[in-house]
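The structure under discussion appears below in the form of structure tokens.
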């Protein structure tokens, strides 16, 4: 899965692939491939081994700790980025939830006429062997649900319409 990761002022495009041993192969557009494995997960702090060096990540606080320094960090998958952009416009565009990539609908969590709040989960979609929860970007009333469980959708396909 591809991610945009911002550490401090620098944004990197990374591709993550899970290895059979549970570690991850991380590749960026520049630099060598890295092997990352989880050492510990305790009270919201995740300790990672990145090519032999320990890095601590505190996702809830949006920070990375490395060599006794702290850096703000933000990660966003390409799917999340595309969904955010599809709902970020004004007018007709903000009244639609579109598929950011091809995939299969696993669950439909909304129904016609429902008032959904910003951040409410609407659709669970499986893409590239990962399940992704697509959420409402603003509070709205569901006008139409254009997909059903098990349906395969293409990128850009209309999933949900809002009033």
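Computed quantities for the displayed model
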{"item": "Reported label for calculated percent of Cα pairs over 22 Å apart given (1) 47; (2) 39; (3) 51", "result": "(3)"}
{"item": "5 Å binning of all Cα-Cα separations within the stretch 1-40, expressed as whole percents from 0 upward", "result": "6, 23, 25, 26, 15, 4, 1"}
{"item": "Mean separation of Cα contacts under 8 Å (6+ apart) over length of the chain, as relative contact order %", "result": "16"}
{"item": "Inter-label distance, nm, simple model (7 Å from Cα along the C-beta direction), residue 74/residue 41", "result": "2.4"}
{"item": "Inter-label distance for residue 23 and residue 144, nm, one decimal - labels placed 7 Å from Cα along Cα-to-Cβ", "result": "5.1"}
{"item": "Label point distance in nm, residue 163-residue 33, each placed 7 Å from Cα along Cα→Cβ", "result": "5.3"}
{"item": "Residue 112-residue 66 FRET efficiency (beta carbon distance; Förster radius 45 Å; 0.05 resolution)", "result": "0.40"}
{"item": "Potential lengthening between residue 12 and residue 154 on full extension [0.36 nm per residue; Cα-Cα distance subtracted]", "result": "48.4 nm"}
{"item": "Extension gain, residue 131 back to residue 53 (0.36 nm per residue minus Cα-Cα distance, nm)", "result": "25.1 nm"}
{"item": "Between helix 78-88 and the chain: long-axis angle, C-alpha atoms, 0 to 90°, nearest 10", "result": "40"}
{"item": "Sorted by Cβ neighbour density within 10 Å, fewest at the top, the residues 163, 15", "result": "163, 15"}
{"item": "Kirkwood-Stokes translational diffusion coefficient of the stretch 89-162, alpha-carbon pairs, 37 °C, 0.692 mPa s, µm²/s", "result": "271"}
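Values in this text are rule-based calculations from the coordinates and carry no lab data. The shown structure was predicted, so the numbers you read here are calculated from the model rather than taken from an experiment. Counting neighbours? That spans all protein chains shown, and the Cβs are built from the backbone with ideal geometry, glycine included.
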